[in-house]
Amino acid sequence: VETVELLQDRADIIDINFGCPAPKVCRNDAGAALLRDPDRVVEMVRACLDVAEVPITVKVRLGTGGGPNTALEVAQRLEAEGIERICVHGRTLRQRYSGEADWQQIRNIVEAVDIPVIANGDVVDAVTAAACLEATGAAGLMIGRGAIGRPTVFHEIKRDMGWHNQDPPWDSDAPAVARLWCWERYLELSEELYPVQMNKNLKRHAVSFTKGLPGASAMRVDLHSIQDQTKLGSRVTEYLEALAEPHTVVA
């Protein structure tokens, strides 16, 4: 409730995440661990709705994996409380990111509620996006891991699905050119958000931006040896600039 009151003056919506499977979160009886107790989830969301002046949405997993899945019950009860939308990841807490997302269980929730249901899990390109929408009947898609190091995936899906024909700001379909634009934008945002303290996620994201590109393995070894964040950012920029240049080969 305090978080809702703190954020709502600068937020269009507030999304409450009951889907996080991170052990450090779930050990504190938060995230997806709360799905073992639907009553508590409903009480928490109801309290937030009571003070909220912006729409409240919710994300869940199918359940904890330690008993019957509770997502369907939670979705129906939270719809009755007044949430605007629910996003469902098609795995349990116990699965984390293993196996395949169960799109059929997402469809069961879509058919059981009237609010928009957003499908999440195993969407990485236009082919899987189309397959997920067909299988689930969802109102939209959420992409998480598929966008790490490749934020262009959102443009690619919308383009390939025919949802828009706008040119991207990076003006090229070449992966290195697109990632270079996104990396430089990431560095700009990082400087805005972390003007003094270190961005603890910078190295992890730097590594992810090299995934699947020529010379990525050697580059990752190089990045792990760099401790200075400014040098780390510059090294990734240099690497992507070299790949973006025509006829450049990176060993």
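The values are calculated or read from the model by the stated rules, or taken from the named source; none is laboratory data. None of these values were measured; they are calculated from a predicted model. Virtual Cβ from ideal backbone geometry, glycine too; neighbours counted across all protein chains shown.
How many residues are in contact with a Gly (Cβ under 7 Å, 6 or more places away or on another chain) and at pLDDT 95 or above when one looks only at the range 206-246? Within the range 206-246, residues that are in contact with a Gly (Cβ under 7 Å, 6 or more places away or on another chain) and at pLDDT 95 or above number 2. Remark: pairs (first residue in the range 174-185, assigned by TED's automatic domain parsing to the domain that holds ARG235 and crowded, with 21+ Cβ neighbours inside 10 Å; second residue aromatic (Phe, Trp, Tyr) and in a loop (DSSP other than H, G, I, E, B); Cβ separation under 7 Å; 6+ apart in sequence or on different chains) = ALA178/TRP170; ARG179/PHE209; TRP183/PHE209.
Scan the range 38-49 and give yes if some residue there is more than 16 Å from GLU79 (Cα to Cα) and surrounded by 14 or more Cβ atoms within 10 Å (Cβ to Cβ), otherwise no.
no
Restricting the range 85-99 to residues that are in a loop (DSSP other than H, G, I, E, B) and not hydroxyl-bearing (Ser, Thr, Tyr) leaves a set whose member that is surrounded by the fewest Cβ atoms within 10 Å (Cβ to Cβ) is GLY99.
ALA174: over 21 Å from the mean Cα position of the chain (by Cα) and within 26 Å of VAL127 (Cβ to Cβ), yes or no?
The answer is yes for ALA174.
Within the set ALA47, ALA101, ALA80, ALA75, the sole residue that is out of contact with any helix residue (DSSP H, G or I) (no Cβ under 6 Å at 6 or more places or on another chain) and in contact (Cβ under 8 Å) with a residue 40 or more places away in the chain turns out to be ALA47. Take the conditions (1) surrounded by fewer than 19 Cβ atoms within 10 Å (Cβ to Cβ); (2) touching a helix residue (DSSP H, G or I) at 6+ places or on another chain (Cβ under 7 Å); ARG61 misses just one of them, which is (1). One residue stands out among those in the range 73-83 that are crowded, with 20+ Cβ neighbours inside 10 Å and of a type outside the set (Val, Ile, Thr): the one that is nearest to VAL113 (Cα to Cα), which is ALA75.
If you go through the range 111-132 and keep only what is more than 18 Å from THR152 (Cα to Cα) and either acidic (Asp, Glu) or more than 17 Å from the chain's Cα centre (by Cα) (or both), you end up with GLU111, ALA112, VAL113, ASP114, ILE115, PRO116, ALA131. For the range 188-211, what are the residues that are of a type in the set (A, V, I, L, M, F, W, C) and surrounded by fewer than 21 Cβ atoms within 10 Å (Cβ to Cβ)? Those that are of a type in the set (A, V, I, L, M, F, W, C) and surrounded by fewer than 21 Cβ atoms within 10 Å (Cβ to Cβ): LEU189, LEU193, VAL196, MET198, LEU202, VAL207. Those residues that are surrounded by 15 or more Cβ atoms within 10 Å (Cβ to Cβ), part of a helix (DSSP H, G or I) and acidic (Asp, Glu), I need them from the range 115-169; list them, please. Matches in the range 115-169: GLU156 only.
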